[in-house]
């Protein structure tokens with residue numbers, strides 16, 4: 001039996017839609033409209049309700065919104081196979097343009113952290129403080145490894161990945177409990193309560209009564225790119241950021257320490273937090289520690 005989802009006792013957010021590049025995209029709003037604005041951006045194959053525990057901790061002090069990225073959660077899937085970082089960034093720019101919630105504080109995880117860093121570099125005047133949880137992209141060692149491929153090899157690889165994705169059928173689970181068991185198995189750091197909560201908000205029921213994850217399989221595929229040029233592009237965005245930045249990393253994750261690998265040096269005002277006992281999802285694995293460090297950073 002799954003655990004009781006205690007978070008259901010929390011008064012949750014309201015759901016809203018906006019349009020970007022002709023896609024209907026979804027976001028949730030936690031209220032408190034007179035407070036300073038905060039934006040929470042989830043990672044790949046995730047959804048906006050993964051932030052519920054963070055939002056609950058900050059909702060009394062901030063007006064929080066959290067979007068579902070295109071191809072994720074309750075946002076529309078795009079036609080075609082290229083979910084690009086620039087399109088994601090445009091969607092966030094449109095959301096903030098339409099809601100008029102700048103200047104604001106941003107917290108982003110993984111893909112969402114990458115988007116946050118890019119948006120902040122493009123519009124530094126719009127961001128007061130930025131928290132990025134493992135959002136800096138592949139570590140330098142991976143960049144060096146991928147740089148050995150020719151452009152033709154990258155494109156051929158992309159064609160194969162896209163073709164494979166087109167034939168991948170979304171996995172179907174007979175019950176929510178079966179999907180929950182999968183979630184818990186894949187994320188051993190998650191408590192049973194959090195795993196169940198993420199599952200409930202992360203699945204849709206199919207017409208035959210089964211359940212599938214909400215994200216589009218095509219979000220797994222990245223368009224062919226020049227890794228070396230992309231690494232230099234990242235640095236350009238990081239150098240353009242003027243607000244204080246807090247970079248999180250879980251010591252049990254695949255990510256490398258941005259202080260040791262040199263990437264933190266590209267920021268003008270940066271702090272790095274390496275959290276013991278946490279993997280890639282620092283805000284789930286060590287929630288109390290994440291909140292303590294983040295609150296201190298936001299108060300400073």
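Considering 206, 269, which residue is closer than 26 Å to residue 76 by Cα and modelled with pLDDT of 95 or more? If you could, list the steps in order and put the result at the bottom.
Values: 269 fails: closer than 26 Å to residue 76 by Cα.
Sole residue among the options that is closer than 26 Å to residue 76 by Cα and modelled with pLDDT of 95 or more: 206.
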Handout entry: Given (1) in a loop (DSSP other than H, G, I, E, B); (2) free of Cβ contacts under 8 Å to residues at least 60 places away in the same chain, index of the condition residue 254 fails
Key = (2)
Exercise for the section: Could you please tell me which pairs satisfy a Cβ distance under 6 Å, a separation of 6+ or placement on different chains, a first residue in the range 127-151 that is touching a residue at least 12 places away in the same chain (Cβ under 8 Å) and on the phi < 0 side of the Ramachandran plot, and a second residue that is loosely packed, with under 15 Cβ neighbours inside 10 Å and outside any helix (DSSP H, G or I)? Expected result: 140/261
Handout entry: Checklist (1) out of contact with any helix residue (DSSP H, G or I) (no Cβ under 6 Å at 6 or more places or on another chain); (2) modelled with pLDDT of 95 or more; (3) surrounded by fewer than 17 Cβ atoms within 10 Å (Cβ to Cβ); (4) within 26 Å of residue 146 (Cα to Cα) applied to residue 216, failing item
Key = (3)
Practice task
Would you be able to tell me the number of residues in the range 46-104 that are farther than 22 Å from residue 135 by Cα and in contact with a helix residue (DSSP H, G or I) (Cβ under 6 Å, 6 or more places away or on another chain)?
Solution key: 1
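Quick check on my filter: what residues within the range 261-299 are in a loop (DSSP other than H, G, I, E, B) and out of contact with any strand residue (DSSP E or B) (no Cβ under 9 Å at 6 or more places or on another chain)? Quick ask: steps written out before the conclusion?
Narrowing the range 261-299 to residues in a loop (DSSP other than H, G, I, E, B): 261-262, 267-269, 276-281, 286.
Passing the criteria: 261, 262.
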Handout entry: Of all residues in the range 187-206 being surrounded by fewer than 14 Cβ atoms within 10 Å (Cβ to Cβ) and closer than 14 Å to residue 174 by Cβ, the one that is farthest from the chain's Cα centre (by Cα)
Key = 206
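Could you tell me which of the residues 92, 107 is buried (at least 19 other Cβ atoms within 10 Å of the Cβ) and part of a strand (DSSP E or B)? Break it down into steps so the answer makes sense when it comes.
Details: 92 fails: part of a strand (DSSP E or B).
Only one candidate qualifies: 107.
Scan the range 257-289 for residues that are crowded, with 17+ Cβ neighbours inside 10 Å and free of Cβ contacts under 8 Å to residues at least 60 places away in the same chain and report the count.
Of all residues in the range 257-289, those crowded, with 17+ Cβ neighbours inside 10 Å come to 258, 263-264, 266-267, 270-271, 273-275, 278-287, 289.
Filter once more, keeping what is free of Cβ contacts under 8 Å to residues at least 60 places away in the same chain: 264, 266-267, 270-271, 273-275, 286, 289.
Here the count works out to 10.
Considering only residues that are within 18 Å of residue 216 (Cβ to Cβ) and either in contact with a helix residue (DSSP H, G or I) (Cβ under 6 Å, 6 or more places away or on another chain) or in a strand (DSSP E or B) (or both), which ones fall in the range 20-39?
So the first thing to find is which residues in the range 20-39 are within 18 Å of residue 216 (Cβ to Cβ), and the list is 20-27.
Result: 20, 23, 24, 25, 26, 27.
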Practice task
State whether one or more residues within the range 122-133 are crowded, with 24+ Cβ neighbours inside 10 Å, part of a helix (DSSP H, G or I) and out of contact with any helix residue (DSSP H, G or I) (no Cβ under 8 Å at 6 or more places or on another chain).
Solution key: no
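Can residue 75 be described as at negative phi and either buried (at least 22 other Cβ atoms within 10 Å of the Cβ) or part of a loop (DSSP other than H, G, I, E, B) (or both)?
Values: at negative phi: yes; either buried (at least 22 other Cβ atoms within 10 Å of the Cβ) or part of a loop (DSSP other than H, G, I, E, B) (or both): yes.
Here the answer is yes, as residue 75 does meet what is asked.
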Handout entry: Residue under evaluation residue 239, criteria (1) crowded, with 17+ Cβ neighbours inside 10 Å; (2) at pLDDT 95 or above; (3) outside any loop (DSSP other than H, G, I, E, B), criterion not met
Key = (1)
Problem - residue 159, sole failed condition from (1) under 30 Å from residue 55 (Cβ atoms); (2) in a helix (DSSP H, G or I); (3) over 12 Å from the mean Cα position of the chain (by Cα) - result: (1)
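The values are calculated or read from the model by the stated rules, or taken from the named source; none is laboratory data. What you see is a predicted model, and the numbers here were worked out from it, not measured in a lab. Glycine also receives a Cβ, built like all others from the backbone with ideal geometry; neighbour counts cover every protein chain displayed.
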